[in-house]
1. Take the conditions touching a residue at least 40 places away in the same chain (Cβ under 8 Å), part of a strand (DSSP E or B) and either away from chain B (no Cβ under 13 Å) or within 26 Å of A:Leu109 (Cα to Cα) (or both) and apply them to A:Leu17. Does it pass?
2. For segment A:87-120, how many residues meet the condition of being more than 20 Å from A:Glu23 (Cα to Cα) and in a strand (DSSP E or B)?
3. If we keep just the residues of segment A:44-59 that are of a type in the set (A, V, I, L, M, F, W, C) and more than 26 Å from A:Leu132 (Cβ to Cβ), which is farthest from the other protein chains (Cβ to nearest Cβ)?
4. Checking A:Lys13 against (1) under 30 Å from B:Lys104 (Cβ atoms); (2) touching a helix residue (DSSP H, G or I) at 6+ places or on another chain (Cβ under 8 Å): exactly one of these is not met. Which one?
5. Working carefully through the options B:Tyr67, B:Tyr103, find the one that is modelled with pLDDT of 80 or more, hydroxyl-bearing (Ser, Thr, Tyr) and out of contact with any Asp or Glu (no Cβ under 8 Å at 6 or more places or on another chain).
6. Out of the residues in segment A:21-55 that are small (Gly, Ala, Ser) and not in a helix (DSSP H, G or I), which is nearest to A:Met110 (Cα to Cα)?
7. Taking the options B:Leu96, B:Leu56, name whichever one is surrounded by 15 or more Cβ atoms within 10 Å (Cβ to Cβ), within 14 Å of chain A (Cβ to nearest Cβ) and farther than 30 Å from A:Phe22 by Cβ.
8. Pick from segment A:26-43 the residues that are of a type outside the set (S, T, N, Q) and more than 8 Å from chain B (Cβ to nearest Cβ): which of them is surrounded by the fewest Cβ atoms within 10 Å (Cβ to Cβ)?
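The values are calculated or read from the model by the stated rules, or taken from the named source; none is laboratory data. Bear in mind the structure is a predicted one, so any value in this text is a computation, not a measurement. A quick note on method: Cβ atoms are made from the backbone with ideal geometry, for glycine too, and the neighbour counts reach across all protein chains shown.
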Amino acid sequence: MERKTKVHAEDGKQDILITREFELPVELLFKAYTNPDIITQWMGTKVLKLESRRHGGYEFETADPQGNILFKAHGTIHDLIPGKKIIRTFEMANAGFDAQIEFLEFESLMPGTSKLTIQMIFRSPELRDAQLKLPFAYGINMAHDRLQQIANQLK
Amino acid sequence: MDLRRDVFQAIADPTRRAILTLLAAHAMTPGAIAANFDSSRQTISKHIQILTECGLLKQEQNGRENYYHFNPKKMKEIADFIEPFRNMWDDRFNRLEAVMKHYKTKK
């Protein structure tokens, strides 16, 4: 399997570096971050607000079919240079992670290909590790829930 | 699975990371490890105990001396720790790419 997305997180540091190359021209890659309908399609979250400009802001929300809110996040856009860069804050509601700052850099590679580099900076190495562990913990919970379901069926 | 979480907590502490760095070079006795730190021997011994319990260190008796070795296999598990995080982003970006390719052909 091809490893297109790379994650770099050094021990004891408080940032995460994510890089990914796309078979897309840089304009389309940038559009995927600035157009609300497109964000909904690939992030799977509803976009309540998106002001794609310097000193703008955004709000995302995901609910289950019953209307329970599963995920809510918001942030402000510090700077935005079309096709090149977005600097923004990000905070998940009720997650206890506090706000993080994100530097998104968009680069054109060969014609029709581009690269995205995201640096996320957290308040402390501990908060960074917690964030990094989240999908791992979620994976454990999912496995645990499935086991629970099977166990319940056997009862 | 609980063990893996402990490994992550174990390396969150700077003194424990320093001990691992020391032992990565060669096996050492608890006394030799403690000599590298200002903390009390008791404190260092507690750190060694935590590292041993989660499998990052291995103990070996050599004559009358107790030597601690670094266990690289366990470190590999820590490297795998970020794999679910990477997968999450990879899935997300694969979707982004698919959506935008469709968008391109639609236009």
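1. yes
2. 12
3. Top of the filtered list is A:Leu48.
4. (1)
5. Going through B:Tyr67, B:Tyr103 in turn, just one is modelled with pLDDT of 80 or more, hydroxyl-bearing (Ser, Thr, Tyr) and out of contact with any Asp or Glu (no Cβ under 8 Å at 6 or more places or on another chain): B:Tyr103.
6. Of everything passing the filter in segment A:21-55, A:Ser52 is nearest to A:Met110 (Cα to Cα).
7. One residue alone meets the criteria, B:Leu56.
8. The extreme case among them is A:Asp37.
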